[in-house]
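Participant: Below you will find the structure I want to go over with you.
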Amino acid sequence: MFKKILIANRGEIAVRVIRACRELGIRSVAAYSDVDRASLHVIKADEAYYLGPAAATESYLNIARILDVARRAGADAIHPGYGFLSENAKFARACARTGIKFIGPTGDAMETMGSKTGARRAMERAGIPFVPGSLRGLASAEESEKVAEQIGYPVMLKAASGGGGKGMRLVHERAELRAALEGAKSEAARSFGDDEVYIEKAIVRPRHIEMQILGDEHGHVVYLGERECSIQRRHQKVVEEAPSAIVDDDMRRRMGEIAVRVARAANYTNAGTVEFLVDAEKNFYFLEMNTRLQVEHPVTELVTGLDLVHLQILIASGGELPFQQEHVTTRGHAIECRICAEDPDNHFFPSPGKITMLVAPAGPGIRHDSGSYEGWTVPIDYDPLLAKLIGYGSDRNQATTRLQRALAEYFICGIKTNIPLFQRILRDPDFQAARLDTGYLERLLGGPSEPQASSEGAKVAAIATALFAAMEGAGAPAEATPVNSANWKRAALRDGLR
Ligand code: MV4
């Protein structure tokens with residue numbers, strides 16, 4: 001077993017991993033940027049090392065600096081958390097070369113899943129159902145028209161290097177296709193430095209349901225059940241739950257077995273998530289695989305009783321999975337709210353600043369994974385996630401009422417948070433009846449169905465965000481985005497200044 005683990009991350013996920021280390025008797029090492037000197041992960045870790053300036057490229061995304069800290073601290077493993085370097089194949093390989101174990105999949109498995117067309121070809125070879133469409137980038141407008149004719153409109157154009165909806169275009173008819181292809185290609189080139197765009201049949205009003213898997217380094221792979229993640233805003237998840245109200249035992253087994261085949265097709269090890277789109281008839285299609293521990297992992301932990309971070313560390317140290325598929329059972333229901341420092345009454349404008357008062361909820365069926373404390377100043381430089389509030393109960397209704405009670409007792413002063421948004425969602429009849437799809441939140445918020453129309457307020461918010469960013473330095477990526485400026489800031493800019 002490892003003796004010392006460096007956590008190459010910050011905020012609530014760094015604290016989450018530090019807690020697992022303490023439980024396992026492993027020393028934990030925090031790393032921090034200038035604006036994180038007094039952050040909770042630094043306080044909670046056994047040791048802490050300075051990385052560099054706030055800009056993520058100088059700190060949490062800087063491979064050389066992180067490896068230098070690992071060497072100086074004498075860490076034998078690195079946990080990347082989510083976001084930052086967690087899905088960076090170069091980093092995983094650099095760790096391996098330095099003799100430090102990367103707690104996650106291999107660089108090769110990351111690369112297989114990193115290209116969406118590459119992943120689709122791997123699924124084709126393995127006989128796994130994916131959304132009908134092309135297996136390679138589109139070479140011409142003529143080719144896109146031909147494939148669209150074959151699969152039928154509406155179609156979706158997507159960037160092969162994409163994720164998070166960038167470079168994605170919904171096309172309803174042939175007349176729109178050429179312009180959409182040009183737009184998708186130039187957006188993909190700008191965002192990812194790769195203009196490869198492919199085409200899929202569009203699934204109308206899909207649900208986003210994902211399956212957690214674990215693979216050890218001895219060839220064992222298990223699935224741990226699904227998470228319903230359809231409640232999103234601008235491709236950022238807001239509320240997640242386990243299990244999904246529409247998945248019965250038979251569907252769970254079929255989805256789980258396919259997720260295991262996906263993992264095997266990529267020689268996948270450690271924790272991973274297989275994403276599916278589910279249509280109104282409950283047909284499900286492989287979408288992509290996330291090669292990291294996800295933000296929403298706690299809902300799976302609560303319903304399975306497993307500790308995913310313990311298991312990640314066990315697997316990375318060469319251990320065998322301590323159970324088999326037939327031993328995995330779920331019980332009850334868990335719902336997670338992503339508490340963010342943003343103002344839901346003002347276009348979700350970021351709300352950094354000092355937390356002058358904080359009384360966090362607790363009590364029956366409540367888990368609060370937080371990276372904040374009273375007196376701490378929330379920096380503008382990174383993703384605005386403050387904490388995750390998770391309600392657990394014997395059924396969906398009890399999880400909901402516990403969460404409502406906890407939200408009502410959550411007391412935070414000095415900054416704005418999106419807590420009122422969760423109160424609105426949890427009392428909404430469609431949420432309570434689990435009538436969910438990926439358009440749910442935009443309907444609730446009364447906006448147009450994506451992309452959002454620009455408005456004066458959004459423009460002001462976007463300009464102010466840009467000014468903050470310019471004053472304070474560059475930002476960090478949100479989960480899963482291998483670019484070095486903040487996703488959410490860019491989204492605000494793009495949407496507000498369109
Ligand atoms: C789709 C789709 C409908 N049909 N693909 C959005 C982000 C990217 N990861 C995949 N996305 C979608 N792909 C086909 N063929 C609808 C979405 C989508 C979506 C997916 C998951 C969660 C939220 C979403 C919001 C809008 C669109």
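The values are calculated or read from the model by the stated rules, or taken from the named source; none is laboratory data. The structure displayed is predicted, hence computed values, not measured ones. Note: ideal-geometry Cβ built from the backbone for every residue, glycine included; neighbour counts use all protein chains shown.
Participant: Based on this model, can you work out whether residue 417 counts as among the polar types (S, T, N, Q), in a loop (DSSP other than H, G, I, E, B) and at pLDDT 95 or above? Spell out how you get there, then give the answer.
Facilitator: Details: among the polar types (S, T, N, Q): yes; in a loop (DSSP other than H, G, I, E, B): yes; at pLDDT 95 or above: yes.
For residue 417, the condition - among the polar types (S, T, N, Q), in a loop (DSSP other than H, G, I, E, B) and at pLDDT 95 or above - is met.
Participant: Follow-up. Just to be sure before I move on: is residue 379 away from the ligand (no atom under 16 Å from the Cβ), more than 21 Å from residue 308 (Cα to Cα) and at pLDDT below 95 in the structure I sent? It would help to see each step written out before you state the result.
Facilitator: Working: away from the ligand (no atom under 16 Å from the Cβ): yes; more than 21 Å from residue 308 (Cα to Cα): yes; at pLDDT below 95: no.
So residue 379 does not fit the description; no.
Participant: Can you list residue pairs whose Cβ atoms sit under 9 Å apart, with the first residue in the stretch 118-135 being free of Cβ contacts under 8 Å to residues at least 40 places away in the same chain and the second being within 12 Å of the ligand (Cβ to nearest atom) and not aliphatic (A, V, I, L, M)? Count only pairs 6 or more apart in sequence or on different chains.
Facilitator: Filtered contacts from the stretch 118-135: 124/130.
Participant: Considering every residue within the stretch 402-410, establish whether at least one is surrounded by 14 or more Cβ atoms within 10 Å (Cβ to Cβ) and within 30 Å of residue 54 (Cβ to Cβ). Lay out the reasoning, then the answer.
Facilitator: Residues of the stretch 402-410 that are surrounded by 14 or more Cβ atoms within 10 Å (Cβ to Cβ), as a first pass: 402-407, 410.
Next, from what is left, pick out any that are within 30 Å of residue 54 (Cβ to Cβ): 410.
Yes: one or more hits.
Participant: While we're looking at this one, here's another question. Scan the stretch 177-213 for residues that are more than 16 Å from the ligand (Cβ to nearest atom) and among the hydrophobic types (A, V, I, L, M, F, W, C) and jot them down.
Facilitator: 179, 189, 213
Participant: Taking the options 198, 223, name whichever one is farther than 27 Å from residue 385 by Cβ and of a type in the set (Phe, Trp, Tyr).
Facilitator: Answer to the selection: 198.
Participant: Next question, about the same structure. Tally up the residues in the stretch 191-224 that are touching a residue at least 60 places away in the same chain (Cβ under 8 Å), surrounded by fewer than 21 Cβ atoms within 10 Å (Cβ to Cβ), within 23 Å of residue 284 (Cβ to Cβ) and in contact with a Lys or Arg (Cβ under 7 Å, 6 or more places away or on another chain), please.
Facilitator: 0
Participant: On to the next question. Which condition number in (1) at pLDDT 95 or above; (2) crowded, with 21+ Cβ neighbours inside 10 Å; (3) within 16 Å of the ligand (Cβ to nearest atom); (4) not in a loop (DSSP other than H, G, I, E, B) is the one that residue 294 fails?
Facilitator: For residue 294, the failing item is (4).
Participant: Would you list the helices (runs of 4 or more DSSP H) that sit entirely within the stretch 94-176 and hold 1 or more residues that are surrounded by 15 or more Cβ atoms within 10 Å (Cβ to Cβ), of a type in the set (Val, Ile, Thr) and within 16 Å of the ligand (Cβ to nearest atom)? Don't jump to the end; show me each part of the working.
Facilitator: Details: elements: 107-114, 116-126, 141-151.
Qualifying helices (runs of 4 or more DSSP H): 116-126, 141-151.
Participant: Quick check on my filter: what residues within the stretch 315-328 are surrounded by fewer than 21 Cβ atoms within 10 Å (Cβ to Cβ) and either under 22 Å from residue 14 (Cα atoms) or within 14 Å of the ligand (Cβ to nearest atom) (or both)? Walk me through it before giving the result.
Facilitator: From the stretch 315-328, those surrounded by fewer than 21 Cβ atoms within 10 Å (Cβ to Cβ) are 317-328; that's our starting set.
Within the stretch 315-328, just 317 meets the criteria.
Participant: Conditions first: (1) under 24 Å from residue 270 (Cα atoms); (2) under 24 Å from the mean Cα position of the chain (by Cα); (3) of a type in the set (A, V, I, L, M). Residue 55 passes all but one, so which condition is the exception?
Facilitator: For residue 55, the failing item is (1).
Participant: If you check 291, 304, which single one turns out to be touching a Leu at 6+ places or on another chain (Cβ under 6 Å) and β-branched (Val, Ile, Thr)? Give the derivation first.
Facilitator: Working: 291 fails: touching a Leu at 6+ places or on another chain (Cβ under 6 Å).
From the options 291, 304, the qualifying one is 304.
Participant: Residues that are over 25 Å from residue 93 (Cβ atoms): find the helices (runs of 4 or more DSSP H) completely inside the stretch 7-80 holding 3 or more of those.
Facilitator: Details: elements: 11-24, 40-44, 63-73.
Counting at least 3 such residues, we get 11-24, 40-44.
Participant: If you don't mind, there's one more thing I want to ask. Sort out which residues of the stretch 75-108 are more than 14 Å from residue 312 (Cβ to Cβ) and aliphatic (A, V, I, L, M), and write them in order of number.
Facilitator: 75, 85, 89, 94, 96, 100
Participant: How many residues are under 29 Å from residue 101 (Cα atoms) and within 16 Å of the ligand (Cβ to nearest atom) if we restrict to the stretch 214-272?
Facilitator: Of all residues in the stretch 214-272, those under 29 Å from residue 101 (Cα atoms) come to 214-227, 256-272.
Keeping just the survivors that are within 16 Å of the ligand (Cβ to nearest atom) gives 226-227, 262, 272.
Of the residues in the stretch 214-272, 4 are under 29 Å from residue 101 (Cα atoms) and within 16 Å of the ligand (Cβ to nearest atom).
Participant: Can you tell me which of 73, 94, 139 is hydrophobic (A, V, I, L, M, F, W, C) and in contact with a helix residue (DSSP H, G or I) (Cβ under 9 Å, 6 or more places away or on another chain)? Step through it out loud before you land on a result.
Facilitator: Numbers: 73 fails: in contact with a helix residue (DSSP H, G or I) (Cβ under 9 Å, 6 or more places away or on another chain); 139 fails: in contact with a helix residue (DSSP H, G or I) (Cβ under 9 Å, 6 or more places away or on another chain).
After applying the criteria, what remains is 94.
Participant: Select, from 48, 77, 73, the only residue that is touching an Asp or Glu at 6+ places or on another chain (Cβ under 9 Å) and over 18 Å from residue 295 (Cα atoms).
Facilitator: 73
Participant: While we're looking at this one, here's another question. Would you say residue 463 is in a helix (DSSP H, G or I), at pLDDT below 95 and over 28 Å from residue 42 (Cβ atoms)? Before you say what the answer is, go through the steps one by one.
Facilitator: Working: in a helix (DSSP H, G or I): yes; at pLDDT below 95: yes; over 28 Å from residue 42 (Cβ atoms): yes.
Yes; evaluated as a whole, the condition is true for this residue.
Participant: Quick one: would you say residue 86 is hydroxyl-bearing (Ser, Thr, Tyr) and in a loop (DSSP other than H, G, I, E, B)? Show your work before the answer.
Facilitator: Working: hydroxyl-bearing (Ser, Thr, Tyr): yes; in a loop (DSSP other than H, G, I, E, B): yes.
Taking the combined requirement at face value, the residue satisfies it.
Participant: Return the pair list, or none, for Cβ contacts closer than 6 Å from residues in the stretch 268-280 that are more than 30 Å from residue 319 (Cβ to Cβ) to residues that are hydrophobic (A, V, I, L, M, F, W, C) and near the ligand (Cβ under 10 Å from one of its atoms), at least 6 apart or on different chains.
Facilitator: Every condition considered, the pairs that remain are 277/203; 277/287; 278/209; 279/203.
Participant: Which ranges mark the strands (runs of 3 or more DSSP E) fully within the stretch 316-405 that have 1 or more residues being in contact with a helix residue (DSSP H, G or I) (Cβ under 6 Å, 6 or more places away or on another chain) and within 17 Å of residue 299 (Cβ to Cβ)?
Facilitator: Values: elements: 333-340, 357-359, 366-370, 385-393.
Fully inside the stretch 316-405 and qualifying: 333-340, 366-370, 385-393.
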